[in-house]
Every structure is written in structure tokens, then in C-alpha cells.
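Take a look at the structure below.
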Amino acid sequence: MILSMVGGLVATVALPAFAAARVPEDAVTIQQMAVDDAQSLVVASDASGAELVRESYAATSAEEIAKKKAAEAAAAAAAARARSAAASVATVNVDLSMVAPGSGEVRWPVSGYTMGEGFGTRGGAHMGIDMLAPAGTPIFAAAAGVVRVSQESYGGYGVAVTIDHVINGQRVGTLYGHMTWGSRQVVSGQTVAAGQIIGLVGSTGRSTANHLHFETYVNGSNVDPYAWLAQNAG
């Protein structure tokens, strides 16, 4: 009897431990849970890959954005300067009844002037002649030709015009510097006649008095403008 009770007690105590030790059929491991809950990506069979190229995306770094903004600002500034230069043509009243001295193929670019510094002065650095005249005095094309430069700011020449000519088969270039602001009457690419008004005497650029700085080039070589005019103008 005592042995039966002891055996029953042992069985009663052991059952919970045995039951706790058994693994339920539906139990899963942490790894299995991770696999079961993992997200999956289904790719359609007709999907294709595409190679990214630099042109396919916009600049995103601070350096690239800064460069892009700088380029846009430079383009805007250039456009504004072009508009300003175009608007400045013919903004000053000019007496169009004036005519250039002489009637030949080559004319004097200014009438009633006083000779200033000559060609080759300043130790050879002065490549033209200075024809002193009051501000607003008309400046004429020395010969027929095509305007190469017409700018409100052309280096030290200030407001200036240059013209390309062909005279007796020779390539001749003339330059007219230090004009009055806004007095240009011609634009680049325009064909002009000998004696046509192209602007007014002023003192822009590296200048200390009203005058026309006049230069001449024959077949690409700089020559004394006064000697050239004295020989050809009429």
C-alpha cells in the first residue's frame, strides 16, 4: 500500500515536468519566424534593367549646385550687357546733316580738330593719333566698309567702333575710340559708307580730355593714321 502511494506521488510530480519538456507540434524557432514574416519582392518577368548615366539626374551636391548657379548668373549678366549695348545705339541726338571733310574714297574722320598726341609717342605705345575736338563733335567713317566692333566698353578705348575696309585691293582697318556714351550709330556687321556718322567725340575709357583716338591698319600692320589720311583723304 505504501509503495503504491509513493509510485503514484512520483508519477504525479513527474508529469508536469515531462509535459513542460515536450515541444508542441506548432512551435517554431526564431529563425523560422523571421523567414515566415520576411517581406518578399516579386519582379515581373518583363522588367528590364537600365544603366544610369550622368545626364539622367540633376546636380545634387553643394559644389555642383553652386557651379550651376554661377553659370546661370554669368549667362544672365552677358544677356543684360548685350541688351544694354543694343539699347544704347542712337540714344544721343546727332545732327545727321553734317558731312565728313572731303568727298573721296577716304575721308577725314573729324572736322575742326586740334592735333594731340601723335603716332608712336609714349615710348612707342601710342598706336594712333589723338584728334582733339569738343564733346559731341560728329565722327565719320574714314571709308566704306563693314563694322567689326561697336561696343560701349572696348577696353581702354571706352565707347569704340572698328571698321574693316578694302581699298585698292588692300585690307584696311580703322578704329575710333573714346566716343560719348550712347552715341554709337552703327552695330557690328553693318555696312557703312565713307563719311557716314558713326558716333560722337567724347572722353570714355582711358582718356582725360574730349578727343577721337584714331588708328589705322593696312594688311594687318599698324601705320601712322595721320600720314595715311594725308596721303589718301580727299
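The values are calculated or read from the model by the stated rules, or taken from the named source; none is laboratory data. In this text, all values refer to a predicted model and were calculated from it rather than measured experimentally. Here the Cβ positions follow ideal geometry from the backbone for every residue, glycine too, while neighbour counts run over all protein chains shown.
Here are the numbers for the structure shown:
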quantity: Breaking point among (1) over 22 Å from the mean Cα position of the chain (by Cα); (2) farther than 17 Å from N222 by Cα, for S150; calculated: (1)
quantity: Hey, A160 touching a Phe, Trp or Tyr at 6+ places or on another chain (Cβ under 6 Å) and not in a loop (DSSP other than H, G, I, E, B) or not; calculated: yes
quantity: Lone qualifier among T180, T208 - being of a type in the set (S, T, Y) and at pLDDT 95 or above; calculated: T180
quantity: Output for the stretch 147-176, where each listed residue is touching a His at 6+ places or on another chain (Cβ under 6 Å) and either without any contact (Cβ under 8 Å) to a residue 24 or more places away in the chain or outside the structural domain of Y217 (by TED's automatic domain parsing) (or both); calculated: none
quantity: Residue, farthest from L175 (Cα to Cα), within the stretch 205-228, restricted to residues that are in contact with a Phe, Trp or Tyr (Cβ under 6 Å, 6 or more places away or on another chain) and outside any strand (DSSP E or B); calculated: G205
quantity: Matching option when the condition is within 22 Å of M115 (Cβ to Cβ) and of a type outside the set (A, V, I, L, M, F, W, C), among G145, G173, G189; calculated: G173
quantity: Candidates A209, A142 - the one that is among the aliphatic types (A, V, I, L, M), over 18 Å from A233 (Cβ atoms) and out of contact with any helix residue (DSSP H, G or I) (no Cβ under 6 Å at 6 or more places or on another chain); calculated: A209
quantity: The one condition in (1) under 13 Å from L229 (Cα atoms); (2) among the acidic types (D, E); (3) in contact with a Leu (Cβ under 9 Å, 6 or more places away or on another chain) that D130 fails to fulfil; calculated: (1)
quantity: Residues of the stretch 173-204 satisfying the condition of being more than 28 Å from the chain's Cα centre (by Cα) and assigned to a loop (DSSP other than H, G, I, E, B); calculated: A193, A194, G195, Q196
quantity: Test: residue in the stretch 183-206 that is surrounded by fewer than 16 Cβ atoms within 10 Å (Cβ to Cβ), out of contact with any Ser or Thr (no Cβ under 8 Å at 6 or more places or on another chain), closer than 19 Å to T137 by Cα and free of Cβ contacts under 8 Å to residues at least 24 places away in the same chain; calculated: no
quantity: Residue within the stretch 122-145 that is surrounded by fewer than 20 Cβ atoms within 10 Å (Cβ to Cβ) and of a type in the set (V, I, T) present; calculated: no
